Amino acid sequence: MSDVFMHNSHRLPVTFARGEGVWLFDTNGKKYLDLSAGIAVNCLGHNYPPLVKAIGEQAAKCNHVCNYYQNDTSMRFAEKLAAACASGGMKNLFLANSGAEANEAACKIARKYSLKKYGPGRHTIVTLRGSFHGRTITMLAATGQDNFHKNFGPFTEGFVYIPSNDIEALEKALDAQTVAGLLIEAVQGESGIRPQSQEFIETAARLCAERDILLMFDEIQCGMGRTGTFLAFEQYRYGGKPIQADVVTLAKSLAGGIPAGVVLAGEKAADVFEIGDHNSTFGGNPVAAAAGLVVLETVNNPTFLAEIARKGEKIMAAIRDWNHSAVREIRGRGLMIGIDIDREAWPILETAIARAGDKNYGLLILSAGEKTLRLLPPYIISDSEIEQGLAVLRELLT
Ligand SMILES: *Cc1c(COP(=O)(O)O)cnc(C)c1O
């Protein structure tokens, strides 16, 4: 393995050369069933023909124009994306390049909204324990996990954490005098696939509305259809109606493997950013937009979304049916699945890959915490591929 990379990431001993659908092939031609999708990125799998075509065609026209100008591809993507999120209350958006960057913009919007309306001192952002919001210094501060708060201080001030699903703590933390925004994942990803309760989200929506605190959903992992609805928070209700958010962020699956992120804003937050308040050199990149258009047109379709939900249920039901002594708990929504097991997860990831050496294929799965396996397969996985994945997973747990 090359020593050129910094040692900031575990790297498993496999070098991938190409992919096709849910399969990846290493430089020795060995095959792997990919249930990780590059951490929820390759939602349409690898080498998806319409995606490849759109990227190629756009690259042949122009790779990039900055936000000082306009571009039809970026504009069409932005309009379709805003429309796809309109039922969640979204009106307009800023196109960014990554999740952390989108969340940074969300926090900037919450702080400026509050500053303009109420003056200084009302800048706190409340987030949840177990959350993950990215790796910039401010997003590490936003992330409610102590192990992310080492080594890089001083961190950005003004973040407060409360336990997930703790309504009493939520009531107390959402102080109308000091809090600008609440940032939550409807289904926490990094910490082990943990959905919030209906009661918690409903209370959050009510308190945020009553206290004029921006309700912000980090849908970077759970959005873009992953949970079987276009946005994960669409599965929650407030007063019998769909939740209306003030700010939503998306990234990961947004452009099917090309880097892209977005912050969307609802009525309250739509005009907070004024000229000069925010920008990004690569933001709105036409190649990413062309890819994003294909993802949107494919995923934001009731039949396609229902299939994601069905496939997820199929996987979870099958694992429950094993009644396997190594399996402690299964959580998930759609194709976002966490499996708590009775042993360390990392060695299983290694065995799953090593298996390609002497068996017909290896398996790519993720962990989330020490003893949780995480599955984030491409949406296009077929029933027979699900069965092939489950067979290996079961074998790995014995
Ligand atoms: C991955 C992730 C991020 C960070 O996204 P990057 O593109 O890595 O900056 C933020 N929030 C959630 C929920 C994520 O899963």
For this session: Tell me, please, whether a residue that is in contact (Cβ under 8 Å) with a residue 60 or more places away in the chain, under 19 Å from the mean Cα position of the chain (by Cα) and open to solvent by 70 Å² or more (accessible area, probe 1.4 Å) can be found in region 319-332.
Result: no
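Tell me, yes or no, whether region 240-252 has at least one residue that is over 27 Å from ALA54 (Cα atoms), within 14 Å of the chain's Cα centre (by Cα) and within 15 Å of the ligand (Cβ to nearest atom).
No, region 240-252 contains no residue that is over 27 Å from ALA54 (Cα atoms), within 14 Å of the chain's Cα centre (by Cα) and within 15 Å of the ligand (Cβ to nearest atom).
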Exercise. SER280 passes all but one of (1) of a type in the set (Gly, Ala, Ser); (2) within 16 Å of the ligand (Cβ to nearest atom); (3) crowded, with 21+ Cβ neighbours inside 10 Å; which number fails?
Worked result: (3)
For this session: Restrict the check to region 169-189 and report whether at least one residue is open to solvent by 10 Å² or more (accessible area, probe 1.4 Å) and in contact with a Pro (Cβ under 8 Å, 6 or more places away or on another chain).
Result: yes
Problem set entry | ILE109 being surrounded by 20 or more Cβ atoms within 10 Å (Cβ to Cβ), modelled with pLDDT of 95 or more, part of a strand (DSSP E or B) and within 23 Å of the chain's Cα centre (by Cα) | no
For this session: Test PHE148 against the criterion of being in contact with a helix residue (DSSP H, G or I) (Cβ under 7 Å, 6 or more places away or on another chain), open to solvent by 70 Å² or more (accessible area, probe 1.4 Å) and either β-branched (Val, Ile, Thr) or at pLDDT 95 or above (or both), and give yes or no.
Result: no
Exercise. Of the residues GLU219, GLU210, GLU202, which single one is within 15 Å of the ligand (Cβ to nearest atom) and at pLDDT 95 or above?
Worked result: GLU219
Seminar exercise, completed: Residues of region 7-46 being part of a loop (DSSP other than H, G, I, E, B), modelled with pLDDT of 95 or more and either exposed (fewer than 15 other Cβ atoms within 10 Å of the Cβ) or of a type in the set (Gly, Ala, Ser) (or both), in sequence order, are THR15, THR27, ASN28, GLY29, SER36, GLY45
Seminar exercise, completed: Across region 342-370, the tally of residues that are open to solvent by 80 Å² or more (accessible area, probe 1.4 Å), of a type in the set (Asp, Glu) and touching a residue at least 24 places away in the same chain (Cβ under 8 Å) stands at 3
Problem set entry | Tally, over region 246-267, of residues that are crowded, with 21+ Cβ neighbours inside 10 Å and part of a helix (DSSP H, G or I) | 4
Seminar exercise, completed: When (1) more than 14 Å from the ligand (Cβ to nearest atom); (2) outside any loop (DSSP other than H, G, I, E, B); (3) over 16 Å from the mean Cα position of the chain (by Cα) are applied to LEU296, the one that fails is (3)
Exercise. Inside region 139-169, can you point out the residues that are within 26 Å of ARG122 (Cβ to Cβ) and either of a type in the set (S, T, N, Q) or touching a Phe, Trp or Tyr at 6+ places or on another chain (Cβ under 7 Å) (or both)?
Worked result: LEU140, ALA141, ALA142, THR143, GLY144, GLN145, HIS149, THR156, SER164, ASN165, ILE167
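The values are calculated or read from the model by the stated rules, or taken from the named source; none is laboratory data. Since the structure is predicted, the reported quantities are computational estimates derived from the model, not experimental observations. So basically every Cβ, Gly included, is an ideal-geometry build from the backbone, and we count neighbours across all protein chains shown. Just so you know, the surface numbers come from the protein's heavy atoms only, side chains and all, with ligands and any DNA or RNA stripped out. Shrake-Rupley method; radii C 1.70, N 1.55, O 1.52, S 1.80 Å.
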